[in-house]
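The values are calculated or read from the model by the stated rules, or taken from the named source; none is laboratory data. Since the model is a prediction, treat every value here as computed from it, not as a measurement. Every residue, glycine as well, gets a Cβ built from its backbone with ideal geometry; the counts of neighbours run over all protein chains shown. When the accessible area is computed, the model is the full protein with side chains, heavy atoms only, and any ligands, DNA or RNA have been set aside. Shrake-Rupley method; radii C 1.70, N 1.55, O 1.52, S 1.80 Å.
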Amino acid sequence: MTLYHFGNCVALLMPYYFTYKYSGLSEYGAFWKCVQAGCIYIFTQLCKMLVLATFFYSDNSSNSGEFNFFAEILRCSVDMADLLGFALILSRIPGKGHSKLITAGLGWATAEVILSRGIMLWVGARGTEFSWIYIQKCLESNVLLVQHLTTATLIWLFTRHDLNKALKPLVSILLAVTIFKGVWLEGLLHILSIGPWSAIAFKALVAGIIGFCSLNIYAGLAQQIGI
């Protein structure tokens, strides 16, 4: 029964495989490029941990379930290092068009799932006591996949010199909204006091809206430059 529950949790992560399989990355042999993106993710997170441990204090209120606005602002400011990580991936991975963006976003998201949720699923989901939290974490990982693909797209759009100048502010706003999501989104969820399932659905809605806007901007630019 425990292995069955663990299998159900892992099955919820199949969108990662489908993204790799049906986006054309498997035809381009982009597996090791995704691994390279994952290694850059690891390096970025190590740098963030060093910065957080050195310059920011630990607040116990986050462990007690309370929302600390100031602590979230500091944490999200450090999360800006993720933008540098994505920019490094996009600059080092050869290719053009959607393949480069999907490689960066998928490699980053996969590394995050393995490092932040892999051990938890292996130990917790195989436990003798059933808990919905592992199903929720897997569903949230799929939301993060959309978010990371969107972030990679926005970084690529921000660095393009042939992007319409009228769209530059919109791309910058979407990047700021994505980076500081831990402040405004988590704060809103805390104020509304909604349940975990509703919170996942709301996060999926927000990620879908930002992703839809980014996709429209990317599609317009891709049609303009012919990629």
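What the table shows:
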| read-out | value |
| --- | --- |
| Given 12 as the ceiling on other Cβ atoms within 10 Å, longest exposed-site-free region of the chain for trypsin sites (Lys or Arg not before Pro) in DSSP loops | 1-95 |
| Solvent accessible area, Å² - V206, 1.4 Å probe, full protein context | 20 Å² |
| Sequence of I225, I40 when ordered by accessible area, the most exposed leading, probe 1.4 angstrom | I225, I40 |
| Relative contact order of the chain, pairs being alpha-carbon contacts under 8 Å that are 6 or more residues apart, as % | 30 percent |
| Total lysine pairs whose alpha carbons fall under 16 Å of each other in the chain (8 or more apart, or interchain) | 6 |
| Isotropic mean projected area of the C-alpha convex hull, segment 89-171 (nm²) | 6.7 nm² |
| GNM top mover of A207, A109, A166 - the chain, alpha-carbon springs below 10 Å | A166 |
| With at most 11 neighbouring Cβ atoms within 10 Å, loop GluC sites (Glu not before Pro) (DSSP) excluded, longest segment of the chain | 130-227 |
| Long-range tail of P(r) for segment 73-125 (Cα pairs > 19 Å, %) | 44 percent |
| Listed residues H98, H190, H148, most fluctuating in the chain (Gaussian network, C-alpha, under 10 Å) | H190 |
| Where D79, D162 fall by accessible area, highest first, once all protein chains stay in place (1.4 Å) | D162, D79 |
| Axial C-alpha extent at least 15 Å, average Kyte-Doolittle at least 0.5 - helices from the chain (DSSP) | 31-55, 81-92, 98-124, 133-158, 168-179, 181-192, 196-225 |
| Sequence of M49, M120 from largest to smallest accessible area, 1.4 Å probe | M49, M120 |
| Surface/4 of the Cα convex hull for the chain, nm² | 13.6 nm² |
| Quotient of Cα Rg and 2.2 N^0.38 Å for segment 94-227, N being how many residues it contains | 1.21 |
